[in-house]
Amino acid sequence: MHQEELLRKELLAEVDSIAPTIAEHAAASETLGRLDEPTMAALRSTRLLQFAAPRELGGLEANDPVTQLLVFEAIARIDASTSWTMGIIAGSTGLAAAYLPVTTTARLFAETIPPMVGSLLPKGTAERVPGGYRVKGRWPYGSGIHHAKWVLAGTIIPGQRLPESACVVVLPREQILIHDNWQVAGLRGSGSSDYSIEDRFVPEAMTFPFTALSMGQAVTGGKAMRLGMPAIVVPFHIGIALGIARRALDEIFVQAIEKSRGFPPSALPTQPQVQFALGKAEIELAAARAYGLQILGDLWAEAHTGRLQPPARQAEVRAAGTYVTEVAQRVTTAAFQAAGGTGLFDTNPLQRCFRDIAAAGQHFAVSQSAYRAVGMFKLNQPDANPML
Amino acid sequence: MQQEELLRKELLAEVESIAPIVAEHAAASEALSRLTEPTMAALRRTRLLQFFAPRELGGLEADPVTVVILLEALARIDASTSWTLGILGGSAGLAGAYLPAATTRRLFADRVPPMAGTILPRGTAEPVPGGYRVKGRWPYGSGIYHADWVAAGAIIPGKPLPAGARLVLLPRDQVVVHDNWQVAGLRASGSSDYSIDDQFVPEEMSFSFVDLILGNAVTGGAAFRLGRSSIVTSFHIGLPLGIARRALDEIATQAVEKGRGFPPSPLPTQPHVQFELGKAEIELAAARAYGLQVMSDLFAEAQTGRVPPPARQAEVRAAGTYITEVAQRVTTTAFQAAGGTALLDSNPLQRCFRDIAAAGQHFMVSHSAYRAVGMFKLNQPDANPML
């Protein structure tokens with residue numbers, strides 16, 4: 001526990017060390033539709049892209065869920081697209097390292113920790129051929145793909161039944177076609193473009209079954225890689241949402257000092273409805289954060305028992321992500337609204353927070369269906385499913 | 001910390017041991033507008049009435065997290081019982097901590113005496129040799145029917161506030177209780193008006209309101225040095241959490257037997273019920289996590305020997321407001337899901353719905369608490385946690 005606290009502090013200090021660069025380049029990254037090179041160079045100058053990879057493979061394996069929350073929150077407070085990209089790269093790299101065969105990862109991670117990204121959605125096919133698969137398909141939301149060395153993709157093996165037929169394949173970035181379709185309003189700097197694979201051979205050794213991931217059966221690394229689905233991705237969603245909302249409140253408290261509204265104008269900080277709305281937003285965010293830290297802390301403690309958390313618990317953890325995201329949207333909106341017209345400008349970080357939190361909430365992992373899944377488990381429905 | 005965990009377990013076991021009696025008499029207590037004698041007898045058999053009194057005076061001096069967990073557990077059975085116990089034991093704790101040590105040694109010599117009363121300064125305390133002549137009328141004397149001693153907030157005429165505000169303590173038989181607690185929610189809490197008609201109160205049966213605000217307790221530890229408004233917030237967090245938890249427990253059970261719609265389908269299979277109850281579970285879990293975290297941090301702060309500053313007081317109070325608001329939403333969701341069957345007096349969901357509405361009317365959890373937080377965050381010179 002002591003060691004975890006120490007690593008947490010170190011990682012947060014690394015975030016601080018590159019904060020000025022991230023902040024300075026956030027707008028340029030938005031224009032590019034992906035992180036610009038100085039931002040990526042700054043990330044590479046830290047250990048942040050390696051923080052989830054197993055220690056055996058040279059990573060920090062500092063990815064207990066609470067540390068993840070704190071790191072993603074800290075970066076999202078500066079720029080959500082950077083946090084999103086960094087989280088996808090570090091997380092995908094960690095997953096591939098933990099679930100690919102040991103001999104494969106020994107080779108791939110021999111010199112450096114290679115940045116990996118990709119979507120686990122089974123939007124392609126993997127046709128069995130001698131020694132591996134022929135893979136084709138097109139996947140949406142390849143966040144961070146422009147910065148990756150390897151790309152993951154979820155596929156179905158034709159003729160086999162789900163979920164056993166779901167297979168994750170890993171290919172070199174050069175074998176992938178990236179489509180330039182990430183023209184969006186929020187998380188614009190995350191480069192979440194579609195990508196496609198057109199009939200490529202993938203050796204067996206560069207694949208792992210999706211069920212291994214959902215059951216937490218990692219072959220390398222510790223307990224943080226064995227949380228199961230969807231719990232394993234929840235710290236990312238909670239951390240980013242909390243960071244965006246925190247930034248929005250920080251912004252409005254600073255911007256309010258300079259701002260007057262009304263006729264005759266009065267200073268924003270003296271206006272009772274602003275005091276009320278922002279005071280309530282602070283408390284809502286504090287509650288959401290307390291919940292995020294508590295549930296991920298408990299999840300981590302449960303992981304130490306070595307037992308995979310059951311589906312009802314997976315549903316609850318996912319719904320915590322939905323809830324925290326929903327609260328963060330409300331809080332960010334309150335901050336945006338309080339700023340009035342000055343919140344409209346591209347130069348105002350409140351505008352970006354408002355767009356980013358709206359985009360973050362569109363992810364399936366934090367969809368409103370998560371609440372219904374919890375209700376179905378509580379009501380003992382036989383078809384209850386955490387991935388509803 | 002281990003000692004606190006142990007105390008929590010023991011208190012929860014004591015609540016468990018009297019749960020059947022509290023549950024059985026909840027309706028009769030409502031009809032009486034105060035707790036029935038069997039309920040009070042059950043409480044007296046446990047150590048629950050001593051939960052807050054200083055250890056030096058024979059009490060358990062529960063920390064705020066323990067108070068949340070205790071009052072939650074009782075409110076899950078019956079909110080009026082939890083409210084009454086919280087007031088009787090909580091007032092005894094405050095009086096035990098803030099009255100002069102010589103006084104409390106005498107008052108607490110045999111046992112922790114149940115106390116009630118309001119600190120709202122609704123009366124006057126005219127200085128006379130050796131003490132004060134007190135008169136006034138106070139609202140919301142929760143638990144007063146079961147108290148040995150009654151506290152009352154009074155102003156010393158001619159002295160500026162807040163220095164002029166004192167709390168006086170009288171034997172229950174020197175107080176007139178008015179039978180005006182005809183209400184819809186927390187009906188059994190017996191929160192009647194009471195008045196004092198020119199009674200003498202010796203100096204040593206009083207203490208300064210300022211000491212309470214500043215956390216200058218004369219007896220007991222950090223639990224009494226949380227400052228105002230924090231010292232009462234654990235009460236306003238535990239109660240709503242217990243009521244909302246009960247409402248969700250009830251609907252999860254009641255839903256099994258219930259079909260609705262034409263043609264009827266079982267409630268547990270209906271997607272909108274699944275959605276709403278699932279969301280309510282998560283909202284309540286978040287509110288509870290927040291309540292426990294705020295109280296735990298607050299206690300840790302107080303244990304460093306510093307009374308938490310006003311901005312922090314505002315935040316802690318607003319946590320109570322927020323949790324109450326969430327509990328109202330959650331309880332309403334459970335009530336609505338039950339449809340017509342929730343309308344009946346015999347359905348605990350109906351009582352939960354009335355009780356959580358009533359709990360939210362308390363000034364301590366009013367929505368002004370949010371504005372107070374905003375004023376501190378916006379550095380307003382007139383920011384005040386008791387707005």
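The values are calculated or read from the model by the stated rules, or taken from the named source; none is laboratory data. These figures come from a predicted structure and were not determined experimentally. A quick note on method: Cβ atoms are made from the backbone with ideal geometry, for glycine too, and the neighbour counts reach across all protein chains shown.
Observations
- Restricting the first member to the range B:361-386 and to residues that are on the phi > 0 side of the Ramachandran plot, and the second to residues that are in a helix (DSSP H, G or I) and among the hydrophobic types (A, V, I, L, M, F, W, C), the beta-carbon pairs closer than 9 Å and six or more apart or on different chains are B:N379/A:F253; B:N379/A:I257.
- For the range B:344-387, filtered to residues that are over 30 Å from B:V210 (Cβ atoms) and either at pLDDT below 95 or not in a helix (DSSP H, G or I) (or both), the residue that is nearest to the other protein chains (Cβ to nearest Cβ) is B:N347.
- Entirely in the range A:290-388, the helices (runs of 4 or more DSSP H) that have 1 or more residues that are more than 10 Å from chain B (Cβ to nearest Cβ), among the aromatic types (F, W, Y) and surrounded by 17 or more Cβ atoms within 10 Å (Cβ to Cβ): A:311-338, A:349-360
- Count of residues meeting criterion [within 27 Å of B:T39 (Cβ to Cβ), part of a loop (DSSP other than H, G, I, E, B) and either among the charged types (D, E, K, R) or assigned by TED's automatic domain parsing to the domain that holds B:R351 (or both)] in the range B:152-190: 1
- Identity of the residue in the range A:142-165, closer than 24 Å to A:G189 by Cβ and among the β-branched types (V, I, T), that ends up farthest from the chain's Cα centre (by Cα): A:V151
- Subset tally (residues that are of a type outside the set (A, V, I, L, M) and either surrounded by 24 or more Cβ atoms within 10 Å (Cβ to Cβ) or under 15 Å from A:E326 (Cα atoms) (or both)) for the range A:243-279: 5
- Annotation for the range B:240-257: no member residue is away from chain A (no Cβ under 13 Å) and surrounded by fewer than 24 Cβ atoms within 10 Å (Cβ to Cβ).
- Test: residue in the range B:79-90 that is surrounded by fewer than 23 Cβ atoms within 10 Å (Cβ to Cβ), assigned to a helix (DSSP H, G or I) and modelled with pLDDT of 95 or more: no
- Matching entry among A:A185, A:A153, A:A205 (being assigned to a loop (DSSP other than H, G, I, E, B), touching a residue at least 24 places away in the same chain (Cβ under 8 Å) and either not assigned by TED's automatic domain parsing to the domain that holds A:G94 or not aliphatic (A, V, I, L, M) (or both)): A:A185
- Residues of the range B:60-85 classified as closer than 16 Å to B:I231 by Cβ and either of a type in the set (G, A, S) or assigned by TED's automatic domain parsing to the domain that holds B:I237 (or both), total: 1
- Residue check for B:L292: within 8 Å of chain A (Cβ to nearest Cβ), hydrophobic (A, V, I, L, M, F, W, C) and either closer than 26 Å to B:M375 by Cα or buried (at least 21 other Cβ atoms within 10 Å of the Cβ) (or both): yes
- Filter pass, A:V168 being outside the structural domain of A:A13 (by TED's automatic domain parsing) and either in contact with a strand residue (DSSP E or B) (Cβ under 6 Å, 6 or more places away or on another chain) or within 30 Å of A:S29 (Cα to Cα) (or both): yes
- Any hit, the range A:239-253, residues being of a type in the set (V, I, T), in contact with a helix residue (DSSP H, G or I) (Cβ under 6 Å, 6 or more places away or on another chain), away from chain B (no Cβ under 13 Å) and in contact (Cβ under 8 Å) with a residue 12 or more places away in the chain: yes
- Set B:A280, B:A311, B:A302: member being more than 7 Å from chain A (Cβ to nearest Cβ) and touching a Pro at 6+ places or on another chain (Cβ under 7 Å): B:A302
- Selection status of A:V324, of a type outside the set (S, T, N, Q), in contact with a helix residue (DSSP H, G or I) (Cβ under 9 Å, 6 or more places away or on another chain) and either farther than 30 Å from B:E257 by Cβ or not assigned by TED's automatic domain parsing to the domain that holds A:K280 (or both): yes
- All positions within the range B:99-125 that are among the hydroxyl-bearing types (S, T, Y) and over 23 Å from B:R137 (Cα atoms): B:T103, B:T104
- Residue, nearest to A:L296 (Cα to Cα), within the range A:208-231, restricted to residues that are touching a residue at least 60 places away in the same chain (Cβ under 8 Å) and part of a helix (DSSP H, G or I): A:A231
- You will find that of B:G278, B:G291, B:G259, the residue that is among the small types (G, A, S) and at pLDDT below 95 is B:G259 and no other.
- Within the range A:169-179, one or more residues are more than 30 Å from A:A106 (Cα to Cα) and not polar (S, T, N, Q).
- Taking each residue of the range B:191-202 that is not assigned by TED's automatic domain parsing to the domain that holds B:T124 and looking for partners that are part of a strand (DSSP E or B) and at pLDDT 95 or above with beta-carbon atoms closer than 8 Å, six or more apart or interchain, yields nothing.
Listed here are the residues, each with its yes/no results for (1) of a type in the set (V, I, T); (2) closer than 30 Å to A:K259 by Cα; (3) touching a Cys at 6+ places or on another chain (Cβ under 9 Å).
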site	(1), (2), (3)
A:Q329	no, yes, no
A:T333	yes, yes, no
A:G341	no, yes, no
A:A360	no, yes, no
A:Y371	no, no, no
A:M376	no, no, no
A:L388	no, no, no
